[in-house]
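Below is one structure, written out as C-alpha coordinates; comments come after it.
The values are calculated or read from the model by the stated rules, or taken from the named source; none is laboratory data. Predicted model, so just to flag it, every value in this text is computed and none were measured. Backbone-built Cβ (ideal geometry, glycine too); neighbour counts: all protein chains shown. Side chains are part of the model used for accessible areas, which takes the heavy atoms of the whole protein and leaves out ligands, DNA and RNA. Shrake-Rupley method; radii C 1.70, N 1.55, O 1.52, S 1.80 Å.
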Amino acid sequence: MSAVPPPDRMSEAARAAADRAARGVQTPEPSLGARLGQIGILGWTIVVPTLLGVFLGRWLDHAFASGVFFSAPLIMIGAALGFWSAWKWMHRP
(Lines give C-alpha, C1' and ligand atoms only; values in the text may rest on other atoms or scores of the structure.)
Protein backbone atom coordinates (compact mmCIF):
# COMPACT_ATOMS: atom_id res chain seq x y z
CA MET A 1 0.00 0.00 0.00
CA SER A 2 1.34 3.38 -0.90
CA ALA A 3 0.44 6.36 1.20
CA VAL A 4 -0.64 9.55 -0.51
CA PRO A 5 2.01 12.19 0.08
CA PRO A 6 0.85 15.36 1.81
CA PRO A 7 0.13 18.24 -0.55
CA ASP A 8 3.05 20.52 -1.21
CA ARG A 9 2.27 23.96 0.24
CA MET A 10 4.49 25.73 -2.26
CA SER A 11 2.72 24.20 -5.26
CA GLU A 12 -0.68 25.01 -3.70
CA ALA A 13 0.38 28.64 -3.23
CA ALA A 14 1.63 28.81 -6.83
CA ARG A 15 -1.63 27.29 -8.10
CA ALA A 16 -3.67 29.78 -6.05
CA ALA A 17 -1.60 32.70 -7.40
CA ALA A 18 -2.10 31.48 -10.96
CA ASP A 19 -5.85 31.19 -10.35
CA ARG A 20 -5.97 34.76 -8.98
CA ALA A 21 -4.01 36.04 -11.96
CA ALA A 22 -6.39 34.29 -14.37
CA ARG A 23 -9.41 35.76 -12.58
CA GLY A 24 -7.77 39.20 -12.75
CA VAL A 25 -7.37 38.90 -16.52
CA GLN A 26 -11.00 37.82 -16.93
CA THR A 27 -12.42 40.58 -14.71
CA PRO A 28 -10.07 43.59 -14.71
CA GLU A 29 -10.28 46.42 -12.21
CA PRO A 30 -12.47 49.38 -13.22
CA SER A 31 -10.64 52.41 -14.59
CA LEU A 32 -9.90 55.53 -12.57
CA GLY A 33 -12.73 57.33 -14.37
CA ALA A 34 -15.19 54.60 -13.41
CA ARG A 35 -14.06 54.78 -9.76
CA LEU A 36 -14.41 58.57 -9.72
CA GLY A 37 -17.88 58.20 -11.23
CA GLN A 38 -18.84 55.81 -8.44
CA ILE A 39 -17.60 58.27 -5.83
CA GLY A 40 -19.65 61.04 -7.49
CA ILE A 41 -22.78 58.91 -7.48
CA LEU A 42 -22.29 58.11 -3.80
CA GLY A 43 -21.85 61.79 -3.00
CA TRP A 44 -25.01 62.82 -4.80
CA THR A 45 -26.89 59.90 -3.25
CA ILE A 46 -26.17 61.40 0.17
CA VAL A 47 -26.38 65.11 -0.69
CA VAL A 48 -29.70 65.17 -2.59
CA PRO A 49 -31.94 63.78 0.21
CA THR A 50 -30.15 66.01 2.74
CA LEU A 51 -30.75 69.12 0.62
CA LEU A 52 -34.38 68.13 0.11
CA GLY A 53 -34.69 67.94 3.90
CA VAL A 54 -33.12 71.40 4.21
CA PHE A 55 -35.40 73.01 1.64
CA LEU A 56 -38.57 71.33 2.90
CA GLY A 57 -37.68 72.10 6.51
CA ARG A 58 -36.89 75.75 5.81
CA TRP A 59 -40.12 76.13 3.82
CA LEU A 60 -42.17 74.62 6.67
CA ASP A 61 -40.34 76.74 9.26
CA HIS A 62 -41.04 79.86 7.21
CA ALA A 63 -44.70 78.90 6.71
CA PHE A 64 -45.28 78.23 10.41
CA ALA A 65 -42.72 80.73 11.84
CA SER A 66 -41.23 77.94 13.94
CA GLY A 67 -37.49 78.66 13.97
CA VAL A 68 -35.74 75.38 13.18
CA PHE A 69 -38.48 73.09 14.45
CA PHE A 70 -38.88 71.35 11.09
CA SER A 71 -35.45 71.99 9.57
CA ALA A 72 -33.35 70.13 12.12
CA PRO A 73 -35.20 66.81 12.06
CA LEU A 74 -35.75 66.89 8.29
CA ILE A 75 -32.01 67.45 7.71
CA MET A 76 -31.24 64.43 9.90
CA ILE A 77 -33.92 62.31 8.21
CA GLY A 78 -32.65 63.33 4.77
CA ALA A 79 -29.04 62.53 5.69
CA ALA A 80 -30.04 59.18 7.21
CA LEU A 81 -32.03 58.33 4.09
CA GLY A 82 -29.06 59.34 1.92
CA PHE A 83 -26.57 57.26 3.90
CA TRP A 84 -28.92 54.27 3.89
CA SER A 85 -29.40 54.61 0.14
CA ALA A 86 -25.63 54.87 -0.41
CA TRP A 87 -25.09 51.79 1.77
CA LYS A 88 -27.63 49.82 -0.25
CA TRP A 89 -26.04 51.01 -3.54
CA MET A 90 -22.55 49.96 -2.40
CA HIS A 91 -23.75 46.50 -1.38
CA ARG A 92 -25.90 45.72 -4.40
CA PRO A 93 -25.24 42.35 -6.04
Can you give the extra length, in nm with one decimal, that the chain gains between Glu29 and Val47 once fully stretched, where that is 0.36 nm per residue apart less the Cα-Cα distance? 3.8 nm
State, to one decimal in nm², a quarter of the convex hull surface area for the C-alpha atoms of the chain, i.e. the direction-averaged projected area. 11.1 nm²
Applying the Karplus parametrisation 6.51 cos²θ - 1.76 cosθ + 1.60 with θ = phi - 60° to the phi angles of the range 15-28, what ³J(HN,Hα) value in whole Hz is obtained for each residue in order, glycine and proline being reported as x? 5, 5, 5, 5, 5, 5, 5, 5, 5, x, 6, 6, 10, x
Carbon/sulfur fraction of accessible area - the chain, other protein chains in place, 1.4 Å, %: 72 percent
5 angstrom amide H check on Phe70, placed H, neighbours 5+ away: Asp61
Treating the Cα atoms of the range 53-93 as identical point scatterers in vacuum, please give the log10 of the normalised Debye intensity I(q)/I(0) at q = 0.16, 0.19 Å⁻¹, two decimals. -0.45, -0.54
Explain nothing, just compute: Karplus ³J(HN,Hα) = 6.51 cos²θ - 1.76 cosθ + 1.60, θ = phi - 60°, for every residue of the range 80-86 in order, whole Hz, x for Gly and Pro. 4, 5, x, 5, 4, 5, 5
DSSP loop chymotrypsin sites (Phe, Trp or Tyr not before Pro) in the range 21-93 with at most 15 other Cβ atoms within 10 Å of their Cβ, which ones? Phe69
On average, how much accessible surface per residue is there in the chain, in Å², for a 1.4 Å probe, leaving out ligands, DNA and RNA? 83 Å²
Show Val68, Val47, Val54 ordered by accessible area, largest first, where the area counts protein heavy atoms only and the probe is 1.4 Å. Val68, Val47, Val54
Based on Cβ point charges of +1 for Lys and Arg and -1 for Asp and Glu, what charge dipole magnitude is obtained for the chain about its Cα centre, in debye rounded to the nearest 20? 80 debye
